[in-house]
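Report on one structure; see the data block that follows.
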Amino acid sequence: MTLSRRLALASALLAPMLAPLALTIGAAPAAAQTQFTVQHALPLDSHTGAGAAAFKEAFERLTNGRFRVVPQRNDNEREMIESAQIGTIECLFTSTGPVGNFVPEVRIFDVPFLFRDTAHARGVLDSEIGQAVLARFPARGLMGVIWTENGFRHLTNSRREVNAPADLRGLKVRTMENQVHMRAFTTLGALPTPMAFSELVPALQQGTVDGQENPISVIVANNLNQVQRYMTLTNHVYSPSVMICNPDAVNRLNAADRAHFNEAARAAQKANRDRVTADEQSGVATLRSRGMTVVTQVDTAAFQTALAPAFAEWERTMDAATLRRIRDWRAN
């Protein structure tokens with residue numbers, strides 16, 4: 001067989017195999033997607049899950065599907081932050097509890113009884129005060145995108161009703177890995193035990209800790225009534241959460257996609273806050289229907305008086321001027 005004949009025969013045999021490859025290569029640019037992994041610590045049916053779902057819907061829609069957002073649950077918040085820092089995930093939603101270990105300025109929002117109500121807290125975070133704290137994230141290898149929330153935190157435990165500060169004495173209370181929260185509970189006579197949220201339910205089941213403190217939305221979403229009998233509406237601290245991203249992942253976006261990203265983040269904030277509001281309106285009735293004893297009348301002034309030594313310390317160790325600005329903040 002001549003050389004030309006052999007080449008012709010080989011071409012005929014390879015053609016059927018090469019044709020699909022050529023089609024795949026030709027179609028690749030149109031089908032290409034950029035994946036954004038977004039982690040959060042709570043179930044999909046929660047205020048955090050609602051924020052992640054809203055971000056996914058908005059960002060994918062606004063970019064005509066060029067970006068694919070993949071929400072994932074990870075109840076180790078510190079691990080999520082570290083993953084965003086090194087770039088193994090793009091974004092996350094987390095409570096601010098562990099964030100202070102990376103961006104110390106965030107801890108100012110953890111001071112107990114700092115905010116009068118939800119409107120006050122949201123207003124401060126969305127004002128130049130909150131934006132100035134977000135501006136501190138890049139120096140730590142992170143991008144603080146937008147403030148979301150968990151809501152006001154309340155105390156639960158399995159041992160007794162808590163009606164006054166004295167009732168806290170000796171209670172082992174799980175806290176976040178947050179020095180401000182731990183100092184507050186120590187001052188009140190409790191025994192704070194910091195641990196990751198992923199360890200909470202087993203610790204409550206085994207009696208390693210007697211109680212914990214979280215917003216109603218977190219207590220309801222995680223069915224903590226199954227391992228806790230008593231809840232007291234202490235409103236002892238407002239718990240922000242925050243959307244954090246890997247800076248390189250966001251900075252790679254072109255101007256149009258960056259605008260879409262910001263719009264999707266605002267959609268996430270609204271969905272998250274709307275869900276917190278709804279949960280707080282129905283949460284007490286829900287938890288009572290599940291068998292919890294809920295103390296709703298709390299002598300807030302007594303708790304504030306008991307915390308006086310801690311307040312004095314925070315005035316010395318934190319930015320006292322910013323604390324005053326937060327307390328004095330009023331909507332225009």
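Descriptive notes on the structure:
- Options Pro194, Gln269, Ile86, ranked by Cα towards positive dipole end of the chain, top entry (Cβ charges): Ile86
- Listed peptides 145-152, 230-237, 189-196 by packing density, highest first (mean Cβ within 10 Å): 145-152, 230-237, 189-196
- Proxy reagent accessibility, fewest Cβ within 10 Å first, across Thr317, Thr156: Thr317, Thr156
- Couplings 3J(HN,Hα) of the range 255-261, computed from phi: 4, 5, 5, 5, 5, 5, 4 Hz, in residue order, whole Hz [Karplus 6.51 cos²θ - 1.76 cosθ + 1.60, θ = phi - 60°; x for Gly and Pro].
- For the range 33-328, the ratio of Cα radius of gyration to the globular rule of thumb 2.2 N^0.38 Å stands at 0.98.
- Taking amide H atoms as placed 1.01 Å from N in the peptide plane, the amide H of Ile146 lies under 5 Å from those of Met243, each 5 or more residues away in sequence or on another chain.
- Mean-position separation - Cα centroids, the range 90-145 and the range 240-270, in angstrom: 16
- Antiparallel beta bridges, as assigned by DSSP with both residues in the chain, represent about 55 percent of the total such bridges.
- Dipole axis of the range 33-328 (+1 Lys, Arg; -1 Asp, Glu on Cβ), positive-most option in Gly144, Met231, Thr96: Met231
- Only helices enter the 222 nm calculation for the chain: every DSSP H run of n ≥ 4 contributes -39,500 (n - 2.57), and dividing by all residues gives -15000 deg cm²/dmol, rounded to 500.
- Under 5 Å, built H, 5+ apart or other chain: amide partners of Arg68: Thr34, Gln35, Phe36
- Restricting the trypsin sites (Lys or Arg not before Pro) of the range 125-185 to loop positions (DSSP other than H, G, I, E, B) with no more than 12 neighbouring Cβ atoms within 10 Å leaves Arg169.
- If only the Cβ of Lys and Arg carry +1 and only the Cβ of Asp and Glu carry -1, the dipole of the chain around its Cα centre is close to 540 debye.
- To the nearest ten degrees, helix 3-31 and the longest principal axis of the Cα atoms of the chain are 30 degrees apart.
- Trypsin sites (Lys or Arg not before Pro) restricted to DSSP loop in the range 58-135 with at most 15 other C-beta within 10 Å: Arg66, Arg116
We did not get these values from a lab; they are worked out from the coordinates using the rules stated. Everything numeric in this text was worked out from a predicted model, so none of it was measured. For neighbour counting, all protein chains shown are included, and Cβ atoms are generated from backbone atoms with ideal geometry for every residue, glycine included.
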